[in-house]
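Written below as structure tokens is the structure these notes are about.
The values are calculated or read from the model by the stated rules, or taken from the named source; none is laboratory data. Model, not experiment: these values are computed from the prediction. Heads up, the Cβs are rebuilt from the backbone with ideal geometry, glycines too, and the neighbour counts pull from every protein chain shown.
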Amino acid sequence: MNRKIIIFGLAFVSLLLLLFILLRNPEVLKNLKIRTTEQVKEEEKKYAFKNSPFYKEYYTSDQLIVLNLWATWCEPCLTEIPILNKVKNHYSNQNKIVFLSLSLDDDSAKLKSFLKSNRFQFQDITLKNFQHRKSLTDYLNGNKTYENSFIKIRSNVLPTTYILRDQKIINVYTAIDSNKIYRNIDSIITVAKQ
């Protein structure tokens, strides 16, 4: 009997604590979504990789794509920006190469502010693809999503730079070695010219 009272008491206190947190921070409630399975499936279909602006504008093109995944809160990402800018500038005369960035930031206002600083010379596709980021990163990571009925884990190592061509991932860099990326891009360009 005492055990049942203790369990009930703990559950009640936990519920009160949860209500207290929710009432003190109404922003939490804005992010709370309750959806049916059909709504989730419809949303996944709507925001699928093949429906993304990235897929339509870049992925299906004949351009070589250098895509950098990053975030404003990621120190290694920020350290890498000048190196990536040098790589982009090195290939600025190549019209068949496009340099893109995709941020994993959730705060679009903070992202917009950062992008206005002009530190990143890549074309940022985050805001255009905001609703599609999950499907984009799932594709880039080879659908490495681990889930059960209680938890869903997606792993994104930041910063990561992908080189894509002909609807394939050619190379993935989790840390930029500029010499390696130059050699890789040069070899791809050479093969394309033949």
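What the table below lists for this structure:
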item: Residue in region 35-49 that is outside any loop (DSSP other than H, G, I, E, B), more than 20 Å from Arg133 (Cβ to Cβ), among the charged types (D, E, K, R) and at pLDDT below 85 present; result: no
item: Residue match in region 62-80 (condition: more than 17 Å from Thr160 (Cβ to Cβ), touching a Leu at 6+ places or on another chain (Cβ under 6 Å), part of a strand (DSSP E or B) and not aromatic (Phe, Trp, Tyr)); result: no
item: Hey, Lys4 modelled with pLDDT of 80 or more, part of a helix (DSSP H, G or I) and surrounded by 10 or more Cβ atoms within 10 Å (Cβ to Cβ) or not; result: no
item: Which listed residue, of Ser113, Ser92, Ser135, Ser117, is modelled with pLDDT under 90 and exposed (fewer than 14 other Cβ atoms within 10 Å of the Cβ); result: Ser117
